[in-house]
Each structure stands twice: as C-alpha cells, then as structure tokens.
Amino acid sequence: SYRKKMPIGTKKVPGPMPYPLIGNVFSLSRNPHISLTKMSETYGDVLQIQIGTKPVLVLSGLETLRQALIRQGDDFLGRPDLFTFSLIGDGQSMTFSSDSGEVWRARRRLAQNALKTFAISPSPTSSGMCLVEENIIKEAEYLIRKFQQLINEKGEFDPYRYVVVSVANIICGMCFGKRYNHEDEELLSVVNLTDEFGAIAASGNPADFIPILKYLPSSAMKAFREINRKFLSFINKFVNEHYKTFDQNHVRDITDSLIQHSQEKKVDENSNIHLPNEKIVNIVNDLFGAGFDTITTALSWSLMYLVAHPEIQEKIQTELDQVIGRERRPRLSDKAQLPYTEAFISEMFRHSSFMPFTIPHCTTKDTTLNGFFIPKGICVLINQWQVNHDPKLWKDPFTFCPERFLNADGTINKIEMEKVMVFGLGKRRCVGEAIGRMEVFLFLTTMLQQMHFFKHDGEKLDMSSHYGLTMKHKRCQVSAKLRFPMSSINE
Ligand code: HEM
C-alpha cells in the first residue's frame, strides 16, 4: 500500500532491514542519538527505521531539518499519538498531545501571550527591566547565599539540588505568584521527579511502539503514571486556589490570565475558536513542566564545564570584571558586551546537546522530502545531537571550545550560533526560548561574578550523559569560593 501511494518520481526512504515484531529496536542501543547519527552516515539525512512494528522517520542534517520544519513546516508539525504522551497532563497537554490543528494553534498562542504578559513585559518597579529579569536577579542572589552557607557548613555541595529550586521559583512566580525556600519538601518532591520523567518520555521508548509492552507490568511505567499524577495534583492545587480568589479586575499571574480566557471562552478578540476550560487552564501544566527541568539542566551542565575547564571559567570572569566590574550586578542589557560569555553558553548547548531529539513530530499529510515519499501520520524523530556534532558543520566537534563562536576581532559570530540546534525549529519551536536564554545568562553571570567553582584535587568529573528527553550528567559535588567580600556589592 505504501508503494501504491508513492507519487511517480519519488523514492522510498532508505534504512536498515527490520526484524519481525521488534523492528530495529536493538540498533537503538542505550544511546539512540549516537546510534541514529551513525546510521545517518550510512543512509543519509532522511532514513527510516522500525520500532516494534511501527515505521519511524529519522531526520538529520541542518539543511534537511530547515527544509522539513521551516519551509515545509505545516507538513511536519504534528505530534504522534504515543502511549507515554497520553499519560502526561491527563492527555490534555498542549505540548505532548496529538492535537495539532486549530485547537493546538490557539492554545500555543495563549501560552505565548501569557509568557509575554507575565515575563517579558516591563517591570513596573525597576526601570528598564522586564518582570522575569527582576525575579531572576533576586533568585540568583538567594542561590549564591545558599551556596555560601553550604560551603561554610560542608565545604562542598551538589549544585543541581539547589539550582532546580531557584529555577522552579522563577516559573512558579510567573504561573502562580509563589516562591519556595530551598528546603521546602513539597516543591522538592515535585522537582525531583524529572529524571524518571525524562527517561520514560525519551524519544524511541519501545513502550510507545510495541503494543504488548504497555500491558506488561513495568515498574518504570507505574512510576511514570505516579509522577504525572503528582505533578498534576501539585498544579491543580494552585489552579483551584486561583479559581476561588479570582478577580477579573486584578489578574495576578499566568494562571489568572488563563482563567480569564476560559471564562470569556475565547482565545482573543479575533478568534472564534472555543476551547473547553480544561484545555485552557491545563496550559499552565505545560509551562511549568517545560520551564524548570530544561533550564536547570542547562545551568548544571554549565557548572560542570566550568569546573572541568578552569581556564574557561577565568576568561568569563575576566570579561565580567572588565565589562561590569564589581560594583553592580549583571543585567540582560550587558549581554551584547559579553561575547565570550555568550560563546560559552552556545558551546555548552552544542557540546552537551542535552535535548538530543526534539519532542517527536509526525506528518500531517502525505508529503515528500529531499525527493523521498513520506506518508501521512508517520512518527518523525529530529536528531538535534547529530547537527551539533556534524563534522561537516563543526571543526573538531567533540572538543569543548567557546572560541568557535567568536570572530577574529572577538565579536560574536551570529551565523555560527544559529547552527546550534537546541530549541527546535519552525512551528513547534520552543515557546520559552527567550525566557530560557535569559535565565541561563543571568543565573550564570550572577554566579560567576561573585563565585569561583572548582573540584577538590584528585576528584574525577564524570561528564557522561544519561539518555532521556533531557540528558543529565551524574550528580556531582563541587566546591566554590567567593571572589570578593559580599558587602562590596552595593545594590
Ligand atoms: C518545546 C527546548 C525552555 C516551553 C521545546 C522543544 C525543545 C525545547 C527542543 C521541542 C521542539 C519541537 O518539538 O520541535 C528547550 C530548552 C529550554 C527550554 C533547551 C531551556 C534552556 C522552555 C521554557 C518554557 C518552555 C522556559 C516555558 C516557560 C516549551 C513549550 C514547548 C516547548 C510549551 C512545546 C511547544 C509546542 O509543542 O508547540 N522546548 N526549552 N521551554 N518548550 Fe522549551
């Protein structure tokens, strides 16, 4: 039937021979992003494998991804109907559900507007700062004090454990107007679920493709249901409180603004799409979920690279000292004057490629790509890791080298930066990119202006990453020292 539908002149997508029932499951190995990168060297940018009995398209190569996700964006913007995705957010997630038509479009617009209003809008109290900038600067300061306290008490600490609370506080503030302290058990019990979440929601989980697996008793799957239940009940507690105290004339945060939209039953003045309440308010679940794990992972990888490469850490600190000095704290508006810091952040995204694949896509209709016939409804994996390690695009792709993003005169090379694939491309591109970039930049510069991070002599760093939706390194103890007395910052 596949061949019958193929338009004349199109070719069949190449790929390895599948075994009966299991397909190419074993070729995926423990690191599917690496196996599929190797496979793309044999079969090309457009290849097909079979997971279980289901065909899966795997796309690599920057130009091929730009073609599929930007120029043919409408054909490739769907989400597959996967079993694991149906367990996320009661199956109502804007991000993971298979809904990709008008309703998805309207919800995505709502999410974007909510973020604009409660993050990117100017702060009424601080001149020239946006709301989220003001909050990040405060939260980064708390984090540094916490680090300082931990050093005094124990000499070293696991940065991830504390960064996750600070980052969660930013999104929690935007969504619910709430912040937690670093020892809060309620928040910790929710933010510490992400490792297991990421392992199950990872691209290419056989449970999504081999029907029998979802009926077998699996402790991982049971844990996944439990995680999603806990997460949703954490969110619902806030949502219910907000419904009770909602005041039309005083919209406090993202949850309030979504409630307001749901009462008007409209997305905006120009739209006549009607969304059921739960499809609107559930958006806060997507924003909260996407808003802390990714950024925490980015900051945690950053600290690992800084500890592994003290000379790079010193270069950033020298740049900070020269541009900002020690009398005031870093601001977003300093970014353009800090090319080395920006180059470091790009190199962290590229080298770690901690989101090796985007969230899986699927085709919305029969189409062609690079001359190959692609049927409607096929699951599509987008290999971001391959692009970020493609020797055709990068010199010595496995070397960590921020300088690759700098021109000879020390300015930032925008064209090189745009080759890094982290946030996806096109119509499904991350809606939180601007906020994500702000948080990584401000947390990092605030920390590095005041603190120097290091590992005790002789201790080894394990920089290997664990496959998942977001890839993490092993948790690791680091130490730090203040670069100058706290009191010399007068703000
Ligand atoms: C989607 C990366 C931060 C909200 C995505 C995707 C990636 C990504 C790769 C999938 C794109 C695709 O499927 O093609 C990141 C990274 C972040 C980050 C690396 C931080 C460094 C955030 C933040 C928020 C957010 C802070 C919200 C406040 C979302 C949402 C989607 C998404 C809602 C789903 C969009 C859709 O399906 O239409 N992100 N993200 N992300 N991201 Fe982010």
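Annotations for the structure displayed:
- The lone exception for V431 - which of (1) in a strand (DSSP E or B); (2) touching a Lys or Arg at 6+ places or on another chain (Cβ under 9 Å) it fails: (1)
- Taking the criterion of being surrounded by fewer than 19 Cβ atoms within 10 Å (Cβ to Cβ) and not small (G, A, S), the residues of the range 460-479 that qualify are K460, L461, D462, M463, H466, K474, R475, Q477.
- Considering the range 118-143, and only residues there that are modelled with pLDDT under 90 and polar (S, T, N, Q), the residue that is farthest from the ligand (Cβ to nearest atom) turns out to be S127.
- Test result for P55, in contact with a Pro (Cβ under 6 Å, 6 or more places away or on another chain) and not in a helix (DSSP H, G or I): no
- Scanning the range 431-445 for residues that are surrounded by fewer than 19 Cβ atoms within 10 Å (Cβ to Cβ) and either of a type in the set (D, E, K, R) or more than 12 Å from I295 (Cα to Cα) (or both) turns up just one, E433.
- Residue count, the range 298-342 (criterion: more than 20 Å from C130 (Cβ to Cβ) and surrounded by fewer than 18 Cβ atoms within 10 Å (Cβ to Cβ)): 13
- Listed conditions (1) in a loop (DSSP other than H, G, I, E, B); (2) of a type in the set (G, A, S); (3) more than 23 Å from K376 (Cα to Cα) are all met by S100, apart from (3).
- The residues of the range 368-384 that are surrounded by fewer than 24 Cβ atoms within 10 Å (Cβ to Cβ) and either among the small types (G, A, S) or in a helix (DSSP H, G or I) (or both), listed by number, are G371, G377.
- Of all the listed residues (E416, E403), the sole one being assigned to a helix (DSSP H, G or I), more than 16 Å from the ligand (Cβ to nearest atom) and in contact with a Lys or Arg (Cβ under 7 Å, 6 or more places away or on another chain) is E416.
- Comparison of H452, H456 shows that the only residue that is more than 26 Å from L110 (Cα to Cα), in a loop (DSSP other than H, G, I, E, B) and either more than 21 Å from the chain's Cα centre (by Cα) or not basic (K, R) (or both) is H456.
- Residue in the range 334-354 that is within 16 Å of the ligand (Cβ to nearest atom) and touching a Cys at 6+ places or on another chain (Cβ under 8 Å) present: yes
- Of all residues in the range 357-367 being part of a loop (DSSP other than H, G, I, E, B) and within 8 Å of the ligand (Cβ to nearest atom), the one that is surrounded by the most Cβ atoms within 10 Å (Cβ to Cβ): T358
- Neighbours by Cβ (under 8 Å, 6+ apart or cross-chain): first from the range 125-153, surrounded by fewer than 19 Cβ atoms within 10 Å (Cβ to Cβ); second of a type in the set (S, T, N, Q): G128/S333; M129/S123; E134/S123; E134/T125; E134/S126; E141/T446; Y142/S166; I151/S479
- Boolean, F354 is outside any helix (DSSP H, G or I) and surrounded by fewer than 20 Cβ atoms within 10 Å (Cβ to Cβ): no
- Filter result for F288 (within 16 Å of the ligand (Cβ to nearest atom) and not acidic (D, E)): yes
- Among the residues listed as S233, S203, the single one being assigned to a loop (DSSP other than H, G, I, E, B) and more than 20 Å from S300 (Cβ to Cβ): S203
Here is a yes/no grid of residues against (1) within 13 Å of the ligand (Cβ to nearest atom); (2) under 21 Å from the mean Cα position of the chain (by Cα); (3) in contact (Cβ under 8 Å) with a residue 60 or more places away in the chain; (4) part of a helix (DSSP H, G or I):
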| position | (1), (2), (3), (4) |
| --- | --- |
| I8 | no, no, no, no |
| V13 | no, no, yes, no |
| S27 | no, no, no, yes |
| E41 | no, no, no, yes |
| L47 | no, no, no, no |
| G89 | yes, yes, yes, yes |
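The values are calculated or read from the model by the stated rules, or taken from the named source; none is laboratory data. The structure displayed is predicted, hence computed values, not measured ones. Virtual Cβ from ideal backbone geometry, glycine too; neighbours counted across all protein chains shown.
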